[in-house]
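Remarks on the structure that follows.
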Amino acid sequence: MKKNKPKVEITRKEALQRMGKYAALTAVGTFLILNPKKAQAQSPTPDDPLDPGGGMFD
């Protein structure tokens, strides 16, 4: 037997505010994960003799 939850209705303004918060949180998370300076610092330079590249488990 299913229990019916009472409907909680929100206004359009509240919905937009909630969406804005989720969008901001997503943008911050994406920026932290895909930070270009950090990714560039971790990648090896092309003339690095100690890292020939192409290894299976690199």
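The values are calculated or read from the model by the stated rules, or taken from the named source; none is laboratory data. Everything numeric in this text was worked out from a predicted model, so none of it was measured.
Evaluation of residue 13 against the conditions (1) modelled with pLDDT under 60; (2) not in a loop (DSSP other than H, G, I, E, B) shows that the sole unmet condition is (1). The sole residue among 38, 21 that is modelled with pLDDT under 85, charged (D, E, K, R) and within 20 Å of the chain's Cα centre (by Cα) is 38.
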